[in-house]
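For reference, the structure is listed below as structure tokens.
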Amino acid sequence: MRAKTIKDWHWISSAICLIGMLLFSVTGITLNHAGWIESSPDVEVFETSLPKNTLDQLLSASGSDALPLAFEQWYAEQAGYALSNNAQIEWSDYELYVGMPQPGGDRWFSVDLTSGEIYGENTDRGWIAYLNDLHKARNTGFIWSVFIDVFAIASIIFTMTGLLLLNKYSKGRKSTWPLILAGFMIPLFAIIGSAHAADKPLQKATLSIEIPRLNVAEYHPPYIAVWLANERQQRVADIAVWYDLRLADNEGEKWLKDLRQWWRRSGRMADMPIDGVSGATRRPGTQTVELTPLLKQLPQLQPGNYYLYIEAAREVGGRELLRLPLTLPLTNALSVTESGEHELGTVTLNLIP
């Protein structure tokens, strides 16, 4: 390939990559230091009741993947925006939940199928969160996915043509190949160093859950459920359920259904409180769940892929679900970390066989 052709491909690909490289470089920094950046989410609350005829139409569509057109039109008029194309529709015996995740925010609502009461939230976490989600291609849709593919191809062309040009002019620049070697070795050593850091011996079989401190006027400690499920998302064992035990007449149990995933898979069939599982809500900070009893159950389970679910729901707040994978039988020490975005902070699972 002639040098002029290489240069043409190099500058054309660099022009295509310019904005993308700036975006991904800046958001790489903001993602790597997310704990340094403070942000107060803007939450709009939507609360009303469905007309009886609309509720009847909704009930007739229970369990389907599409909602009645009359309901969609009514919702758009009341909420001020239509249902998104990526709406996630979840039905239960008592409730319809519709999630509409979007970059930099979240939109959802739930309908009480008994009373027709509807409650929803539209959360905007700001421009930094929006750009971070673009970096991760989180809830961004088809067009952005196509852009990332085009950007990735252009970046490969830009890199390879740059390497060819470096090779062509390396004779007059003695530092060319040492710098290229350094560009390879520095990330390699960083990966090796991270791997060794992760191999530190574990002291306990525990799950640590960070409950973030939120800058809100009205704060209630979240209800949290932790359970183990198999690859088909079927509940295997309940590990912890934290809710308000102080309310009279076991009123706190009424709100356990806000833990929607846990409620559908276990809670609606459970007889609360559950000995060794139930507990009071926790205040903000890092809380620890003792998993030694779970370790005794693991050898009795069939080999395969399992998931540890952590779900949080907060009154006058949001809902969040994290999933930590593990494979059985457990032969080596396992350490898995995930980070939530609003109701949950850093969650770390440590297991020793």
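The values are calculated or read from the model by the stated rules, or taken from the named source; none is laboratory data. Note that this is a predicted model, so its numbers are computed, not measured. Positions of Cβ are backbone-derived with ideal geometry, glycine not excepted, and every protein chain shown enters the neighbour counts. The accessibility values were calculated without ligands, DNA or RNA, using every heavy atom of the protein model including side chains. Shrake-Rupley method; radii C 1.70, N 1.55, O 1.52, S 1.80 Å.
General remarks:
- Neighbourhood charge, 10 Å Cβ-Cβ cut-off, centred on residue 319 and excluding it, Lys, Arg +1 and Asp, Glu -1: -4
- With a Förster radius of 25 Å applied to the C-beta separation of residue 77 and residue 130, the computed FRET efficiency comes to 0.40.
- Residue-normalised accessible area of the chain, given per residue in Å² at a 1.4 Å probe: 59
- Carbon and sulfur %, accessible surface of the range 1-99 computed with the full protein complex present, 1.4 Å: 55
- Gyration tensor verdict on the chain (Cα atoms; rounded if a/c is under 1.5, prolate if a/b is larger than b/c, oblate otherwise): oblate
- You can think of it this way: the chain between residue 115 and residue 59 has 19.0 nm of extra reach, that is 0.36 nm per residue less the Cα-Cα gap.
- FRET efficiency for the residue 255 to residue 182 pair, using the beta carbon distance and R₀ = 51 Å, is estimated at 0.35.
- A dipole drawn for the chain from +1 and -1 charges on Cβ atoms has a positive end, and of 327, 227, 294 the residue lying farthest that way is 327.
- Efficiency of FRET from Cβ geometry, residue 85 and residue 48, R₀ 22 Å, rounded to 0.05: 0.40
- Dipole orientation for the range 6-82: of the candidates 58, 33, 48, 33 has the Cα lying most toward the positive pole (charges on Cβ; Lys, Arg +1; Asp, Glu -1).
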